[in-house]
Structure formats: structure tokens, C-alpha cells
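Asker: One structure follows; several queries about it will come next.
Quick note: the coordinates plus some simple rules give every number you see, no bench work behind them. In this text the structure is predicted, and so the values were computed from the model without any measurement. Cβ placement follows ideal geometry from the backbone for every residue including glycine, while neighbour counts extend to all protein chains displayed.
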Amino acid sequence: RRSIKKVINHHKDILHHLWGRITVKQRDPTRAGGLIRMELRIFFQPSKIAFDLTQSLAPKLKNSPPEVRTDSYLNLKDPAIGLKYRGGRKIELKVRSSRSETGCERWHKSISERLTADGKQHLISVIRQHEKSVQQDLSPHVARCAKLLEPVKRSQITIKLKKERVQGFMDLSALGGPQKKRVMVEQTEVTLNPDSSPSVWRSICVEGYNDHESLVLAIDLIKQEVLKLGHTDSDLQEHIWTMGYPEFVARACDSLATQHTGN
């Protein structure tokens with residue numbers, strides 16, 4: 001009974017946070033075409049950085065049932081454009097509208113719909129249809145997305161990512177941060193090329209609205225815990241990447257290509 005109660009309370013917290021997303025979205029006059037959020041995300045390989053958020057700063061994440069799915073990303077080599085097939089035929093396009101010096105990013109979900117046909121030309125057509133419906137400052141990014149797709153074969157730039165994600169909250173006040181302050185946090189086990197030559201990564205993301213300081217503090221606390229495990233500042237700089245999924249996909253693909261060339 002206690003474990004069931006923990007799960008129920010955990011989901012209540014997440015629903016409360018999601019309701020906050022909706023109210024913020026409704027008040028935000030710049031919103032058009034999708035959700036607007038601020039996030040700070042890092043990637044690292046567990047084989048090089050031995051850190052697990054569920055074992056230290058956010059143990060309650062272990063009570064969260066994982067969401068498992070496989071997305072197919074199209075590597076457009078543009079850190080501000082994220083295009084993927086979400087779990088199958090549903091296409092999703094996210095556009096980054098800003099990035100702070102600390103790495104905090106604001107993303108807009110510009111397209112989210114199920115495709116009715118296969119083929120690159122149909123995909124480009126769907127993207128172009130949305131070009132005029134998104135807010136004005138995002139339209140050039142959507143147009144650029146279609147343009148980047150035109151000269152290449154879709155199969156040449158597609159990479160599968162299997163994700164196993166848990167979500168919850170990280171209490172900053174219990175860790176020496178602001179009183180009664182917590183942030184939404186997720187940890188995702190990411191496997192590139194799960195069907196052949198898999199490459200295993202871990203991503204941690206903290207999320208909030210108009211609150212750069214709390215997001216930066218949360219990631220700083222994580223890095224402090226990593227140092228306590230015996231890692232060095234040099235390890236942090238070399239092995240922890242601060243970026244969104246589009247930039248990670250591009251950099252990881254380049255890294256894999258270099259490894260294959262070296263072999």
C-alpha cells in the first residue's frame with residue numbers, strides 16, 4: 001500500500017507541474033505552434049562518468065515507471081533544429097528560439113503530426129505547410145529544415161535512439177539551494193543504433209520557466225556529486241556535453257564516424 005501511495009503522489013506532482021506548463025503557455029504572448037519551455041540538458045557516457053541521479057540527488061525517481069520508446073532522428077547538423085520520428089510515423093519538429101551563455105535553451109514544438117504517406121518529399125511538403133502557421137521568428141528555422149532535407153537521402157541522415165526515461169523532481173532546498181525550491185528533472189538512458197553497434201549514453205535534463213539560476217544550480221550540484229566520485233574537472237570538461245538533442249545527435253554521429261574511420 002505504501003509503494004502504491006508513493007507512485008500516486010509522484011504522478012500528482014508531475015500532473016501539477018504539467019498544469020503549470022499549460023497556464024504558463026496560455027499567459028505567454030509569444031506562444032504559437034507548440035509548447036515553450038526552458039531546459040538545461042547534459043549528456044555523458046556512464047562508462048566514462050559513473051553517475052546515476054536515481055542513486056544520489058533524486059532517489060525518488062526510482063519510484064517513477066520508465067517511459068520506453070525508440071525515436072528516429074534526422075541529423076540535420078543544426079543545433080537549433082530537432083526533427084524526428086517519435087516512436088514511429090509521428091513526425092515532430094522542435095525549434096530552438098534562444099540559448100543562454102549557461103546553456104539554458106528555449107524550445108518550441110512547431111510540428112507534431114502523424115504522416116499519411118512515406119517518402120522524403122511528403123515529409124518536406126508537411127514541413128512547408130507549417131512554415132507560415134508558426135510564429136514569425138520561427139518561420140525561417142522551419143524553412144531551413146525543409147531546405148536541409150532536400151539534397152540528401154533520408155536514410156543517410158537517420159539515426160535511431162532508444163530512450164528509457166524517468167521523470168520527477170529535484171529538491172534544491174534540501175541540497176543547500178533556495179528555500180522551498182525544486183525543479184522538474186528527468187534522466188534518460190539513451191542508446192544510439194540499438195539494433196547494431198549500440199552506443200550507450202545518459203542524459204539528465206532540468207526544466208523550468210524564466211529561472212536560469214535554479215537550472216544552473218541543479219546542474220552544478222550534479223557536477224559536484226560527480227567530483228565526489230573521484231572524477232576531475234578535466235573529466236567534466238571532456239566527457240559531459242551541455243546541449244540539446246539535435247546537437248548531441250550531430251556530435252555523437254561525428255564521433256562514431258571518427259571511430260569507424262580509425263578502425
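Asker: Past 24 Å, Cα to Cα, is the threshold; run LYS77/LYS228; LYS60/LYS163; LYS90/LYS223; LYS132/LYS162; LYS90/LYS181 against it and keep the listed order.
Answerer: Correct reply: LYS77/LYS228; LYS90/LYS223; LYS132/LYS162; LYS90/LYS181.
Asker: Can I ask one more? What order do you get for 234-243, 78-87 when each peptide is scored by the mean count of other beta carbon atoms within 10 Å, highest first? Please report the intermediate quantities before stating the final value.
Answerer: Numbers: 234-243: 14.5, 78-87: 19.2.
With the highest mean Cβ count within 10 Å placed first, the list reads 78-87, 234-243.
Asker: Then there's this: Could you tell me the relative contact order of the stretch 173-252? Use alpha-carbon pairs under 8 Å, at least six residues apart, and round to a whole percent. All intermediate terms of the calculation are to be shown ahead of the outcome.
Answerer: Details: 54 pairs, mean separation 15.7, N = 80.
It comes to 20 percent, rounded to a whole number.
Asker: What is the Cα coordinate range of the stretch 59-122 on the first, second and third principal axes, sorted by size from largest, in whole angstrom?
Answerer: Principal extents (largest minus smallest coordinate, Cα): 44, 34, 18 Å.
Asker: How far is it, in nm, from the label point at ALA117 to the one at GLN136 when both lie 7 Å from their Cα along the line to the Cβ?
Answerer: 3.4
Asker: Throw me the Rg/Rh for the stretch 100-157, computed over C-alpha atoms with Kirkwood Rh, two decimals.
Answerer: Details: Rg = 13.2 Å, Rh = 12.9 Å.
Rounded to two decimals, Rg over Rh is 1.03.
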